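Just dropping this structure here.
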């Protein structure tokens, strides 16, 4: 049979189960867009900026586990999208980056958009390849998707020259078959046995530390925690991997960036089992988390083992398979009599932290904890939250209690502003059954807020809460702490309602706590009618998060004594009248 390259690529996308391609058409990929129009399985979604294409594809996977595609024109399409691609790369999110290349059959130089795209893409992708023959297109796409999902997931770029899309190619059945997918690595029986001994020997007090890579283990993580009688901390990206209503859930982290009760509980542990995490800078609160006792570190990627913390036992393995094997060797509870006391300590700690938050209400603005608690009551446990770089992520991390993996979408290790709204759009497209809430900072909104037009035009009903404090809050707080002044972090004012109206989106103003319930009732009605809504929320960021306070102390303590005193004296001196 003879198929155009565009038809071959669409068939590969369909066979991979890719449901969404995000991007902007250009002269080089109009053949592909024409072929996509004939597909009843793959939806082409027009974005306002290619940066958002990457964030949307990211949101699809985090919310649903489905691979999505960023569909890019050469040159500017790729450079615009690099922020979203890099976020996926550092946060371990699989994505197909479908790049288009210039003509390779003309022999001409200085073509439109002619830059070396693979050189630019390689630092932020697991692989970047150029297809040179039409007969190789199908396998190249399928192979790229397999690489994106394997090991530590991440984006993979395939560049398709425009002439391959345009012309027909002879294809046989063999050319339309994918290569076999490699099985994930497994722990050896001896490794599992050694882990079981360390975790269950008399007097052992384990701590479970779970990252996003542990999500595949699902409910087995609960069984493991209960059998070990172990408190459970997660990374920020791993929030929701372990149900946070469970009496053994401790905190998202366990070092100085966590509240005192969580630090005490973790400090009483004698062995740490870390699964599917990298001990990254943000996840550990500037490397403030020091694993207690022997460290058992399990990850599918050998490069992360022993990198930041030396493990007593480093195991390269798929998390789900490892946990299943471990449970066979720990068939009954070993936690002993400490479990009821542990439950009480954790419960009382959470109640005290939440009570303190709710008592310290803002007198004339919106208290973050009150708003987030009300959101959870109104929209329920199936809600997906997308946050933005900075205070919004850390407040949501600390205040929300989530039950499922894929319910917390946050830009963590790349920490790219502008993530929340496009990621929420991707999540809602992939999970139309689930309520989706975007928590966007007012600085981040200026970057990708125009994607509200995408939501309105595509009929995507999500609730966007614009957290307005007039500053780049996370950095402004750090400046105020260190320097007692703010430099280039105070934002110019803008009227969000006028922007929303111009984009065809209904908007609401939320000025103080007393208005929350009424506003949320109206939000629920609007999204229930199938429309997006923007809520301009006068948020009060006066109270710093545990995370912010923790990283300031951690980083200050690392400085040489002389520099530490210099910074402290400078900050104190500027506070004097």
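The values are calculated or read from the model by the stated rules, or taken from the named source; none is laboratory data. The model shown is predicted, which means the values in this text are computed figures rather than measured ones. Cβ: placed from backbone, ideal geometry, glycine included. Neighbour counts: every protein chain shown.
Any residue that is part of a loop (DSSP other than H, G, I, E, B), out of contact with any helix residue (DSSP H, G or I) (no Cβ under 9 Å at 6 or more places or on another chain), farther than 30 Å from residue 521 by Cα and not assigned by TED's automatic domain parsing to the domain that holds residue 82 - is there at least one of those in region 357-374?
As a first pass, look at region 357-374 and keep what is part of a loop (DSSP other than H, G, I, E, B): 360-365, 367.
When the remaining residues are screened for being out of contact with any helix residue (DSSP H, G or I) (no Cβ under 9 Å at 6 or more places or on another chain), the result is 363-364.
Okay, now just the ones that are also farther than 30 Å from residue 521 by Cα, so none.
No, that holds for no residue.
Against the conditions (1) over 13 Å from the mean Cα position of the chain (by Cα); (2) under 22 Å from residue 23 (Cα atoms), where does residue 435 fall short? Just the number, please.
Result: residue 435 passes all but (2).
Right, another one. Could you pull out the residue among 490, 535, 523, 527 that is touching a strand residue (DSSP E or B) at 6+ places or on another chain (Cβ under 7 Å) and at pLDDT below 90?
Only one candidate qualifies: 490.
Do we find a residue being under 28 Å from the mean Cα position of the chain (by Cα), surrounded by 15 or more Cβ atoms within 10 Å (Cβ to Cβ), modelled with pLDDT of 95 or more and assigned to a helix (DSSP H, G or I) anywhere in region 308-316?
No.
I'm trying to understand the selection: among the residues of region 139-173, which are assigned to a loop (DSSP other than H, G, I, E, B) and closer than 21 Å to residue 61 by Cβ?
The answer is 150, 151, 152, 153, 154.
Moving on to the next point. Of all residues being in contact (Cβ under 8 Å) with a residue 24 or more places away in the chain and more than 22 Å from residue 143 (Cβ to Cβ) in region 169-188, which is surrounded by the fewest Cβ atoms within 10 Å (Cβ to Cβ)? Just the residue, please.
186
Go through region 189-211 and report how many residues are out of contact with any helix residue (DSSP H, G or I) (no Cβ under 8 Å at 6 or more places or on another chain) and buried (at least 23 other Cβ atoms within 10 Å of the Cβ).
Within region 189-211, residues that are out of contact with any helix residue (DSSP H, G or I) (no Cβ under 8 Å at 6 or more places or on another chain) and buried (at least 23 other Cβ atoms within 10 Å of the Cβ) number 2.
Can I ask one more? Can you name every residue in region 417-432 that is surrounded by 24 or more Cβ atoms within 10 Å (Cβ to Cβ) and part of a loop (DSSP other than H, G, I, E, B)?
Within region 417-432, 418, 419 meet the criteria.
Which one of 303, 325 is part of a helix (DSSP H, G or I), more than 12 Å from residue 207 (Cβ to Cβ) and under 23 Å from the mean Cα position of the chain (by Cα)? Don't jump to the end; show me each part of the working.
On the way: 325 fails: under 23 Å from the mean Cα position of the chain (by Cα).
So the residue among 303, 325 that is part of a helix (DSSP H, G or I), more than 12 Å from residue 207 (Cβ to Cβ) and under 23 Å from the mean Cα position of the chain (by Cα) is 303.
Restricting the search to region 335-352, which residues are modelled with pLDDT under 95 and in contact with a strand residue (DSSP E or B) (Cβ under 9 Å, 6 or more places away or on another chain)?
Matches in region 335-352: 335 only.
While we're here: Could you tell me which numbered condition residue 396 fails, if it satisfies all but one of (1) assigned by TED's automatic domain parsing to the domain that holds residue 461; (2) outside any loop (DSSP other than H, G, I, E, B); (3) surrounded by fewer than 24 Cβ atoms within 10 Å (Cβ to Cβ)?
(3)
Determine, yes or no, whether residue 136 is within 29 Å of residue 300 (Cβ to Cβ) and outside any helix (DSSP H, G or I).
Criteria not met by residue 136.
Go through (1) within 13 Å of the chain's Cα centre (by Cα); (2) within 16 Å of residue 56 (Cα to Cα); (3) modelled with pLDDT of 95 or more and name the single condition residue 414 misses.
With respect to (1) within 13 Å of the chain's Cα centre (by Cα); (2) within 16 Å of residue 56 (Cα to Cα); (3) modelled with pLDDT of 95 or more, residue 414 is out only on (3).
Looking only at region 202-211, filter to residues that are touching a residue at least 40 places away in the same chain (Cβ under 8 Å) and outside any strand (DSSP E or B); which one of those is nearest to residue 225 (Cα to Cα)?
205
Here's the yes/no breakdown for (1) within 26 Å of residue 519 (Cα to Cα); (2) buried (at least 19 other Cβ atoms within 10 Å of the Cβ):
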| site | (1), (2) |
| --- | --- |
| 334 | no, no |
| 357 | yes, yes |
| 373 | yes, no |
| 380 | yes, no |
| 392 | yes, yes |
| 407 | yes, yes |
| 411 | no, yes |
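Please indicate, with yes or no, whether at least one residue in region 541-563 is under 28 Å from the mean Cα position of the chain (by Cα), crowded, with 16+ Cβ neighbours inside 10 Å, in contact (Cβ under 8 Å) with a residue 40 or more places away in the chain and under 27 Å from residue 451 (Cα atoms).
yes
May I pose another question? Which residue out of 112, 199, 166 is in contact (Cβ under 8 Å) with a residue 24 or more places away in the chain and closer than 30 Å to residue 1 by Cβ?
166
Would you pick out the residues in region 433-453 that are under 16 Å from residue 502 (Cα atoms) and surrounded by fewer than 24 Cβ atoms within 10 Å (Cβ to Cβ)? Spell out the reasoning first.
Restricting attention to region 433-453, the residues satisfying the condition of being under 16 Å from residue 502 (Cα atoms) are 445-446, 448-453.
Matches in region 433-453: 446, 450, 453.
Now a separate question. Only residues in region 405-421 that are over 19 Å from residue 125 (Cβ atoms) and not assigned by TED's automatic domain parsing to the domain that holds residue 388 count as the first member; pair them with residues that are surrounded by 24 or more Cβ atoms within 10 Å (Cβ to Cβ) and modelled with pLDDT of 95 or more, Cβ under 8 angstrom, at least 6 apart or cross-chain, and list the lot.
none
I'd like to check something: does region 102-112 contain any residue that is closer than 20 Å to residue 56 by Cβ and either modelled with pLDDT of 95 or more or in contact with a helix residue (DSSP H, G or I) (Cβ under 8 Å, 6 or more places away or on another chain) (or both)?
no
Turning to a different aspect of this structure: If I filter region 465-487 down to residues being touching a strand residue (DSSP E or B) at 6+ places or on another chain (Cβ under 9 Å) and free of Cβ contacts under 8 Å to residues at least 40 places away in the same chain, which single residue comes out as surrounded by the most Cβ atoms within 10 Å (Cβ to Cβ)?
Within region 465-487, the first condition is being touching a strand residue (DSSP E or B) at 6+ places or on another chain (Cβ under 9 Å), and the residues that meet it are 465-474, 476-477, 486.
Still in the list and also free of Cβ contacts under 8 Å to residues at least 40 places away in the same chain: 470, 476, 486.
Values: 470: 17, 476: 23, 486: 15.
Checked region 465-487; the qualifying residue surrounded by the most Cβ atoms within 10 Å (Cβ to Cβ) is 476.
Filter region 272-295 down to the residues that are surrounded by fewer than 24 Cβ atoms within 10 Å (Cβ to Cβ) and not in a loop (DSSP other than H, G, I, E, B) and list them by number.
Result: 295, single match.
Yes or no: region 212-225 includes at least one residue that is part of a loop (DSSP other than H, G, I, E, B), touching a residue at least 60 places away in the same chain (Cβ under 8 Å), within 22 Å of residue 286 (Cβ to Cβ) and outside the structural domain of residue 393 (by TED's automatic domain parsing).
no
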